[in-house]
Amino acid sequence: MMKTWVVANQKGGVGKTTTVVSLAALLASRGKRVLVVDTDPHGSLSAYFGVNPDESPRSVYSLFQGADVNLHTLLQDTHVEGVSLLPATTALASLDRQLGAQKGKGMVLARALATLNHELDYVLIDCPPTLGILMVNALAAADYLVIPVQTEFLALNGLDRMKRTLAMIEHSRGGALPHLIVPTLFDKRTRASRQTLEILQARYGAALWELVIPIDTQLRDASRNGDPLPLVAPTARGSLAYSALLDTLLEAQNLPKPPYTAGAPTTEINAHV
Ligand SMILES: Nc1ncnc2c1ncn2[C@@H]1O[C@H](COP(=O)(O)OP(=O)(O)OP(=O)(O)O)[C@@H](O)[C@H]1O
Ligand SMILES: [Mg+2]
């Protein structure tokens, strides 16, 4: 059974796209067939995989244009073996205005993805940092939600907004959407990082991942080069942290852990918390 994980937070620059890229690369390196979906009009995820969002005629946008678009015709292979891409396009920015309050547009992505059920193991959806029709579509397709939160004070407001959105989505789904809040860009040398983590722990308890994604400049460098860090530097701090996160996500959903083909034991990152 294909699993769909959505990475979302109504705050920009918290590590959403980095999380999608890293988890996708790790799953693929463990032999899984992965599709990454870019629903952000800025198209950072698409750009990561070499697709220019200004010139992508086949994209998520196409799904909203006609009723009978074959999703297969929109997918692209990437340079990462095992990972294919459904790109974004800048035109996605006008979708909310175009469709307005039109009913029945909340399940477009979920319905399209369901047609890939037998061909894929995982779908990872990257979201824009704004609540709109695209985030609603992503959340409607989700089996599991990952909420990256930057460990700085201002990020807490964004998390409150995200939790309200989640409550709204759960209401319309008629059930809980399992999720995990993931502290990101953690810098143990700064008070702000440490204090924000304490507040998160006090407020969100069991919904909060017990580890963190540390600041690792190699993650930034890797994104500039378009190479997922876990593939080029499996023992970098950032790679180990994402590997540990993947293990937690698989455990939380009772999914079998595919064997590691790269990387090292992940226990040492505990030292950073
Ligand atoms: N753990 C990390 N350590 C260092 N740099 C990071 C880390 N995670 C992300 N970055 C860098 O921070 C920037 C923002 O990350 P990213 O694009 O993943 O965030 P985002 O939430 O997707 O942003 P947006 O809301 O704009 O889509 C990028 O330059 C990325 O390379
Ligand atoms: Mg992004």
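The values are calculated or read from the model by the stated rules, or taken from the named source; none is laboratory data. Please read these numbers as outputs of a predicted model, since none were measured by experiment. Every residue, glycine among them, receives a Cβ derived from its backbone with ideal geometry; neighbour counts consider all protein chains shown. Remember, those area values only see protein heavy atoms, side chains included, never the ligands or the DNA or RNA. Shrake-Rupley method; radii C 1.70, N 1.55, O 1.52, S 1.80 Å.
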Conditions (1) within 28 Å of LYS257 (Cβ to Cβ); (2) in contact with a Leu (Cβ under 6 Å, 6 or more places away or on another chain); number of the one not met by ALA206: (2)
Count of residues meeting criterion [of a type outside the set (A, V, I, L, M), open to solvent by less than 40 Å² (accessible area, probe 1.4 Å) and in contact (Cβ under 8 Å) with a residue 40 or more places away in the chain] in region 151-187: 5
Enumeration of residues in region 17-39 that are touching an Asp or Glu at 6+ places or on another chain (Cβ under 6 Å) and either modelled with pLDDT under 95 or near ligand 2 (Cβ under 9 Å from one of its atoms) (or both): THR17, VAL20, ASP38
Residues of region 40-71 classified as within 16 Å of ligand 1 (Cβ to nearest atom) and either over 25 Å from THR19 (Cβ atoms) or in contact with a Leu (Cβ under 7 Å, 6 or more places away or on another chain) (or both), total: 5
Selection from region 61-84 of residues that are of a type in the set (Gly, Ala, Ser) and either within 23 Å of ALA25 (Cβ to Cβ) or surrounded by 10 or more Cβ atoms within 10 Å (Cβ to Cβ) (or both): SER62, GLY82, SER84
Residues that are among the aliphatic types (A, V, I, L, M), touching a residue at least 40 places away in the same chain (Cβ under 8 Å) and in contact with a strand residue (DSSP E or B) (Cβ under 7 Å, 6 or more places away or on another chain), drawn from region 44-77: LEU45, VAL60, LEU75
Residue selected from region 5-35 under the condition within 13 Å of ligand 1 (Cβ to nearest atom) and in a loop (DSSP other than H, G, I, E, B), by the criterion nearest to the chain's Cα centre (by Cα): ALA8
Leading residue by the ranking (most open to solvent (accessible area, probe 1.4 Å)) among those in region 201-219 that are under 21 Å from TRP5 (Cβ atoms) and away from ligand 1 (no atom under 16 Å from the Cβ): GLU210
Test: residue in region 86-106 that is of a type in the set (Gly, Ala, Ser), under 17 Å from ASP38 (Cα atoms) and in contact with a strand residue (DSSP E or B) (Cβ under 7 Å, 6 or more places away or on another chain): yes
Filter result (more than 18 Å from the chain's Cα centre (by Cα), open to solvent by 50 Å² or more (accessible area, probe 1.4 Å), under 15 Å from VAL80 (Cα atoms) and away from ligand 1 (no atom under 11 Å from the Cβ)) within region 220-236: VAL232
Given (1) under 17 Å from LYS3 (Cβ atoms); (2) more than 14 Å from ligand 1 (Cβ to nearest atom), number of the condition ALA138 does not satisfy: (2)
Looking only at region 109-150, and only at residues there that are of a type in the set (D, E, K, R) and open to solvent by 50 Å² or more (accessible area, probe 1.4 Å), the one that is farthest from LEU26 (Cα to Cα): ARG111
Members of region 89-122 found to be in contact with a helix residue (DSSP H, G or I) (Cβ under 6 Å, 6 or more places away or on another chain) and more than 18 Å from GLY66 (Cβ to Cβ), listed by number: THR90, ASP96, TYR122
